[in-house]
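The values are calculated or read from the model by the stated rules, or taken from the named source; none is laboratory data. A quick note: this is a predicted structure, and the numbers were derived from the prediction, not measured. Here the Cβ is made from the backbone with ideal geometry for all residues, glycine too, and neighbour counts use every protein chain on show. These area figures cover heavy atoms from the full protein model, side chains too; ligands, DNA and RNA do not enter into them. Shrake-Rupley method; radii C 1.70, N 1.55, O 1.52, S 1.80 Å.
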Amino acid sequence: MDIRSALGRALKTLRNSRGLTQEDFSDVSSRTYLSTLERGLKSPTLDKINALAGVIEIHPLSIMVLTYLAAEGGTVDAVLAKVRRELGEVAPE
């Protein structure tokens, strides 16, 4: 699955899991724009991902993890282990 479609699927999954409608995002996005994101037609900016995450009440990284799970497969544990390993190489604790 291409990354735009994966992001759209992730956003829709997260939105539905919280019982939110596209209209619930009206403070940060139009319903039309959110619909284009969910259909994989556009790519949001980092600021927009942050704003959308705020409405969903999750960390923006959760959107990205779910996106890459849809695009590449695997498990949450595997993705987070890879991220932890890669971050450890550049920013040791």
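Some points to look at:
- Residue in the stretch 10-26 that is surrounded by 15 or more Cβ atoms within 10 Å (Cβ to Cβ), free of Cβ contacts under 8 Å to residues at least 24 places away in the same chain and not polar (S, T, N, Q) present: no
- Among the residues here, GLU38 qualifies as touching a Gly at 6+ places or on another chain (Cβ under 9 Å) and of a type in the set (Asp, Glu).
- Some residue of the stretch 44-62 being open to solvent by 70 Å² or more (accessible area, probe 1.4 Å) and β-branched (Val, Ile, Thr): yes
- Qualifying positions in the stretch 43-93 - basic (Lys, Arg) and modelled with pLDDT of 95 or more: LYS48
- Test for LEU7: is it exposed (fewer than 12 other Cβ atoms within 10 Å of the Cβ) and among the aliphatic types (A, V, I, L, M): no
- Flag for ARG39 being more than 27 Å from ALA81 (Cβ to Cβ), modelled with pLDDT under 95, open to solvent by 70 Å² or more (accessible area, probe 1.4 Å) and in contact with a helix residue (DSSP H, G or I) (Cβ under 9 Å, 6 or more places away or on another chain): no
- Elements of type helices (runs of 4 or more DSSP H) in the chain, at least 3 residues being over 14 Å from the mean Cα position of the chain (by Cα): 31-38, 76-90
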